[in-house]
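All of the numbers you see were taken from the coordinates with simple rules; none came from a lab. A quick note: this is a predicted structure, and the numbers were derived from the prediction, not measured. Every residue, glycine among them, receives a Cβ derived from its backbone with ideal geometry; neighbour counts consider all protein chains shown.
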Amino acid sequence: MAFTAPNETFAGKVFAVDAGLDKKITFGGENVLPFHLFEGDVPNRPVVAYEIQDVPPADWPETIKKVYEGVSSDPVTWAKFCQDKLNARAIAIRLVGTHPDRENRSPEDAAKTVKDVLAAITVPLIILGSNHIEKDAAVLVAAAEAAKDKNCFLGKAQEENYKTIVAACMANNLKLIAMSQLDINLSKQLNILITQMGYNKENLVTDPMCSALGYGLDYTYSVMERIRLAALTQNDVTMQMPMLADVGINSWKAKESIATEAELPIGGTLEQRAIAWEAVTACALMIAGSELLIMRHPEAINAVEKFIDELM
Amino acid sequence: MALSGVEIFKLLPKTNCKKCGHPTCLAFAMKLAQRQASLDLCPDVSEEAKKVLGEASAPPIRPVVLGAGDKAVKMGEETVMFRHDKTFVNPCAIAVEVKDTMSADELNAVADQVLNSEIDRVGQKIRIDAICVSNASGDTAKFEAAVKTLAAKAPSVPLILSTTDPAAAEAAAKLVAANKPLIYGANDANADAMANVAKNHKVSLGVIAKGLDGLTALTDKIKGLGVEDMVLDSGARTAKEILRDNTYIRRAALKKGNKSVGYPIITFAQRDNSMLEILIASLGIAKYSSIVVLSSIDRWKSLALFVLRQNIYTNPQVPLQVKQDIYKIGTPSNDAPLLITSNFSLTYFIVSGEIEGSKVPVRLAVLDTEGLSVLTGWAAGKFTASKIAQFIQESGVEKEISHKELIIPGYVAILSGSIEDKLPGWKITVGPREANGLPAFLKARTN
């Protein structure tokens, strides 16, 4: 007896979003569940961006810090290393040094860093604040001006500070990342608030808040699946943005990415365990629907790229 | 496909005799349709009705058990496509492949690894579930010897006997039939002989096809030969094929009532690159495989997959909980700080992670809030002054420490006065609101 393929096609479609000028990236655009090439169109592969920051990664665990030894003291050198030596398709700079509890760098300093990095690279740039609501509003406005017309992503806009950041994106012709707290309704609400300001919904990426393997991954996974199903099955235009998984920062906080084999005998070799932690987190969230991922370890990123090769 | 209440009603005696405990046959039918009652309750039901209702109420994906005893693994019985729709029920088994070309020492080493693989995470015992032994030599005697070695070393570990030679399958099955191995398996060329082996030894049978058309034909044939417990291999090996075939199979079984593919799926994830291999296995775990087979099980690999499986198979309606207890982080001396938090696993992991990161040894009291976070627990009356006081008193922690100070989460600062009332002699200190404030808070205290 022949098997009748139970294909499912949907009315909805995820917006395709691009970034960069010379070496443009485009992701999203599919009208089916993640990697369901057998029943619809998946025109673009997910994009993995290498994470760097404006200050040396003193707080990163040893296993990941040593990968960038010698380049991470300066964001421009670091960015060029990722682009030229690691073949990064995109770079995400986190302006963590602007956080009041950290170096408390000024918005002007942050803007200069962004300008310098942009001058040094040709791949697209994602500009992220330090996740401090008030400070981000000031820092990201300055960073947006430094990145004017460069087709960068700017984020993360959150419920408490989105107005300033959205306005900065509109004034400087930039793409936007909006983050809400692990809830499909909050995510939808923020998308609506942002588009009500006149921001083009097709320039927006949703971050439903990432969590690492073993530390809430199940929540992010299901919120992403539900957002994607709403986009496709209900054709809900307020949910059709591509999704970001901010994997590295979460995964490298997990105990399993830090504890030595002596401290965690059930976990085996630390280096491979930590890389696996980041790769598995990324892979699960890609299967759940994220098209843009921010990661740290080249080996984890290479494994994820090979995995995408097999899926596409 | 499931029958409606009215369809079931038509098959009942319609006597309204109440012997089933329901006021009418219709009421009973409605309960049956919702799977809240069992047909056994009706003493007068006809054989024909039993047959029809039995078939209709059979789970769309047949339950199949791999192994026997404590380490048996239940597979199948899934009812949803997405975990948020309800929950995934029977966690995907993780198996490691060995070959009969390996020496007895090598086989024993892998068996040892499997026997020592068990870990405890959030109160769940998880381990490498099975060994897949393949007849790579093509030689029946070698296969038999390898199975004998494994059965002697790890008698309780479920086995997957991978051979397409019926004679080798028979020889191996005879040795370990009592432990209910999976014979993998039957293909177009050997289906009759393999079905016989499976039937004779009352064990489950893997079905190996190239593509879903062939798979459907083969399971129908084997079912006709009298074997009910099957495990499917559509031939999918690349990630793209695995996602496609697994999705098609799950959908056809659940949404189309296709019984020919209503069985658990086995996925072979082996790759030369271990990092890629765990991603292929991750795809299987997330997307509908019931067994994934790996080439090796170094601890770093299996831990990542164990935790992913736990995340995917956690019931979204029931939060994972940590046991109520006083946990030591680092090696706390008797004057080390004592903190309290809730037993929601995520809260516990984040709080204990931040404390570990701070390198300050502490005692962490974890109060049973039925899996609610601190603030939700407080709002729901599960994280209250009297519960905290009772727990601290009954825990006996007072005898272990030289001080009487308890640090509570900043979000429940409001409780500090009432806890002091209920814990006479104790000083209650309000800690940071968020876990990420703990390192600075703890370090400031030790300076």
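Below are the figures for this structure:
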{"quantity": "Where Rh is the Kirkwood radius over Cα pairs, Rg/Rh for the range B:1-99", "calculated": "1.12"}
{"quantity": "Point-to-point label distance, A:LYS112-B:SER296, nm (Cα→Cβ direction, 7 Å offset)", "calculated": "5.0 nm"}
{"quantity": "Between the range A:167-229 and the range A:70-95, the Cα center-to-center distance that results, in Å", "calculated": "26 Å"}
{"quantity": "In Hz, Karplus ³J(HN,Hα) per residue of the range A:140-154 (6.51, -1.76, 1.60; θ = phi - 60°; x = Gly, Pro)", "calculated": "6, 5, 5, 5, 4, 5, 5, 10, 3, 6, 8, 6, 8, 8, 10"}
{"quantity": "Viscosity 0.890 mPa s, temperature 25 °C, Stokes-Einstein D of the range A:16-307 from Kirkwood C-alpha radius, µm²/s", "calculated": "130 µm²/s"}
{"quantity": "Alpha carbon centroid spacing (whole Å) that separates the range B:411-447 from the range B:327-357", "calculated": "13 Å"}
{"quantity": "Two-site FRET efficiency, B:ASN108 against A:THR269, from Cβ-Cβ distance with R₀ of 25 Å, rounded to 0.05", "calculated": "0.65"}
{"quantity": "Note, ³J(HN,Hα) from phi for the range B:96-109, Karplus 6.51, -1.76, 1.60, rounded to Hz, x at Gly and Pro", "calculated": "10, 8, 10, 10, 6, 8, 7, 6, 4, 4, 5, 4, 4, 5"}
{"quantity": "Contact order normalised by residue count of chain B, Cα under 8 Å, 6+ apart, percent", "calculated": "11 percent"}
{"quantity": "Inter-probe distance in nm under a simple model that places probes 7 Å from Cα toward Cβ, at B:ASP213 and B:ASP421", "calculated": "7.8 nm"}
{"quantity": "Residues whose placed amide H lies under 5 Å from that of A:GLN53, excluding near-sequence neighbours", "calculated": "A:ARG94"}
{"quantity": "Within a Gaussian network of chain B (alpha carbon springs, distance under 10 Å), most fluctuating of B:MET102, B:MET275, B:MET194", "calculated": "B:MET275"}
{"quantity": "Proxy reagent accessibility, fewest Cβ within 10 Å first, across A:CYS169, B:CYS132", "calculated": "B:CYS132, A:CYS169"}
{"quantity": "Dipole magnitude of the range B:64-313, debye to nearest 20 (Cβ charges: Lys/Arg +1, Asp/Glu -1, about Cα centre)", "calculated": "840 debye"}
{"quantity": "Rg over Rh [alpha-carbon atoms, Kirkwood Rh] for the range B:64-313", "calculated": "0.94"}
{"quantity": "Whole-Hz couplings from phi, Karplus 6.51/-1.76/1.60, listed for the range B:66-75; x for Gly and Pro", "calculated": "9, x, 9, x, 4, 9, 4, 10, 8, 10"}
{"quantity": "Net charge contributed by nearby residues that have their C-beta within less than 14 Å of B:GLY5 (K/R +1, D/E -1)", "calculated": "+3"}
{"quantity": "Full-stretch length increase - A:THR164, A:LEU86 - with 0.36 nm per residue and alpha-carbon distance subtracted", "calculated": "24.6 nm"}
{"quantity": "Residue among B:LEU294, B:ILE280, B:PRO181 farthest towards the positive dipole end of the range B:167-294, charges placed on Cβ", "calculated": "B:ILE280"}
{"quantity": "Magnitude of the charge dipole, the protein assembly as shown, Cβ model with Lys/Arg +1 and Asp/Glu -1, debye to 20", "calculated": "1340 debye"}
{"quantity": "Percent of C-alpha pairs per 10 Å bin, chain B, short to long", "calculated": "4, 17, 21, 19, 17, 14, 7, 1, 0"}
{"quantity": "For q = 0.17, 0.21, 0.27 Å⁻¹, Debye-computed log10 I/I(0) when each Cα of the range B:341-422 counts as one equal scatterer", "calculated": "-0.70, -1.07, -1.47"}
{"quantity": "Residues whose placed amide H lies under 5 Å from that of A:CYS210, excluding near-sequence neighbours", "calculated": "A:ASP246"}
{"quantity": "Neighbour-count order for A:MET239, A:MET312, fewest beta carbons within 10 angstrom listed first", "calculated": "A:MET312, A:MET239"}
{"quantity": "Most mobile of A:TRP60, A:TRP277, A:TRP78 in a GNM of chain A (Cα contacts under 10 Å)", "calculated": "A:TRP60"}
{"quantity": "Size of charge dipole - the range B:104-209 - debye, nearest 20, with Cβ of Lys, Arg +1 and Asp, Glu -1, no other charges", "calculated": "400 debye"}
{"quantity": "D_trans [Stokes-Einstein, Kirkwood Rh over alpha-carbon pairs] for the range A:102-229, 10 °C, 1.306 mPa s, µm² s⁻¹", "calculated": "105 µm²/s"}
{"quantity": "Span from the the range B:1-78 Cα centroid across to the the range A:289-312 one, whole angstrom", "calculated": "46 Å"}
{"quantity": "Sites A:ALA16 and B:ASN273, calculated FRET efficiency, Cβ-Cβ separation with R0 25 Å, nearest 0.05", "calculated": "0.25"}
{"quantity": "A:THR233-A:GLU299 pseudo-label distance in nm [points 7 Å out on the Cα-to-Cβ vector]", "calculated": "4.0 nm"}
{"quantity": "Over chain A: helical MRE at 222 nm, DSSP H runs n ≥ 4 each giving -39500 (n - 2.57), nearest 500", "calculated": "-11500 deg cm²/dmol"}
{"quantity": "Ratio Rg/Rh [Cα only; Rh per Kirkwood] for the protein assembly as shown", "calculated": "1.00"}
{"quantity": "Computed over the range B:17-165, Kirkwood Rh from alpha-carbon pairs, angstrom", "calculated": "19.1 Å"}
{"quantity": "Amide H contacts of B:VAL98 (H built 1.01 Å from N, under 5 Å, at least 5 apart or other chain)", "calculated": "B:CYS132, B:VAL133, B:SER134"}
